[in-house]
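Just below is one structure, and these are the notes that go with it.
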């Protein structure tokens, strides 16, 4: 049995709340931080996250606060359950407090707009390159994790001892944690799968069948691999939990926020109206813009991801986007990326 540690979860959304409950089950001392003082008081009074994770009581052992200094001071491990586009602002506040000896676990699944930085890169750009960072990702809807439905995730860190520390302290019989080194691949998989899920939702909204959706997801995975490898990721990562595993869940689950956005889009609704009706953040929307900015920057053609961007930000109709994709000249399935050659290069480097 691992020694008990102190974990502060920053972010009172469904995923942050679920991870707080996981850590309580692991026997850790846990504090949940909310950015909003009024909502922190509601959580303390009701002992239920009515807005983001209704139907589950929050144990009295779970401390709740809106005092960020208290949360940072409390923790051995800081879990950053904050959407990518808001992460930088919170990090600037964290920088005012003693944080350097703590492990930071990022669970955001997105890419920052304009900078095109991944969550771990945002963390280091604000807090310095010597901080200990772990990226935690995988097929893990909060609604299921919180209810003890068996879930498998991966913790990635350049320092395997740090990844193993999180594995040892975050796992229980219902939450299984694997470890690896490929932070780039884990974060790219977690971000891009949300954009592909929007495309999958569009297929549903247009009343396409299983053939279309499966083909779309497969080619979307191909684009994920191409982007990740271009940025230095190991292609094998995308065939693991944070790649195809998370992609499957996000493209089919009833809990999928990005899938919901796509379905509404496919039915002819405007993205502004869809977003205004949602309580939670659909990270794939902003990430679509970030991915297009990144693809342009590194001169990489990603047709499906580009068409999602055009539907969301250029008011292109779903029907036109589908027509554009289907009218492209077909070519050899893996022409643009040779996995065997890549693996040979890796072997040569070793």
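What follows is calculated from the coordinates using simple rules that are stated; it is not laboratory data. Since we're looking at a predicted model, the values are computed, not measured. Counting neighbours? That spans all protein chains shown, and the Cβs are built from the backbone with ideal geometry, glycine included.
Would you order 309, 222 from fewest to most other beta-carbon atoms within 10 Å of each residue's own beta-carbon?
Working: 309 24, 222 17.
Least to most surrounded, the residues fall as 222, 309.
Per residue, how big is the convex hull of the range 6-181 when only Cα atoms are used? Give it in Å³. Hull volume normalised by residue count: 104 Å³.
Roughly what % antiparallel, to the nearest 5, for the DSSP beta bridges in the chain? Show your work: numbers first, answer last.
Numbers: 6 of 32 bridges.
Of the beta bridges lying entirely in the chain, close to 20 percent run antiparallel.
Just from its helices, what would the mean residue ellipticity at 222 nm be for the chain, if runs of 4 or more DSSP H residues each count -39500 (n - 2.57) and the sum is divided by every residue, rounded to the nearest 500 deg cm²/dmol?
Working: 16 runs with 177 residues, N = 350.
Counting only the DSSP helices, I get -15500 deg cm²/dmol.
Spread over its residues, the convex hull of the C-alpha atoms of the range 191-340 is 110 Å³ per residue. Most mobile of 213, 93, 230 per a Gaussian network model of the chain (Cα springs, under 10 Å)? Looking only at 213, 93, 230, the largest GNM fluctuation is found for 93. In the calculated pair-distance distribution of the chain, the portion above 27 angstrom amounts to 45 percent of the Cα-Cα pairs. GNM remark for the chain: springs join alpha carbons under 10 Å apart, and the peak mean-square fluctuation among 238, 92, 170 falls on 92.
Remark: relative contact order (the chain) = 15 percent; criterion is Cα-Cα distance under 8 angstrom and separation of 6 or more residues. Between helix 303-313 and the chain, what is the angle of the helix's C-alpha long axis to the longest principal axis, kept within 0 to 90° and rounded to the nearest 10? Long axis of 303-313 versus the principal axis of the chain: about 70 degrees.
Of all the options 27, 220, 266, the one that moves most in a Gaussian network model of the chain with Cα springs shorter than 10 angstrom is 27.
Just need the relative contact order of the range 132-261 here, percent rounded to a whole number, with Cα pairs under 8 Å and 6+ apart. Each step should come with its number before you reach the end.
Numbers: 216 pairs, mean separation 38.4, N = 130.
This gives 30 percent for the range 132-261.
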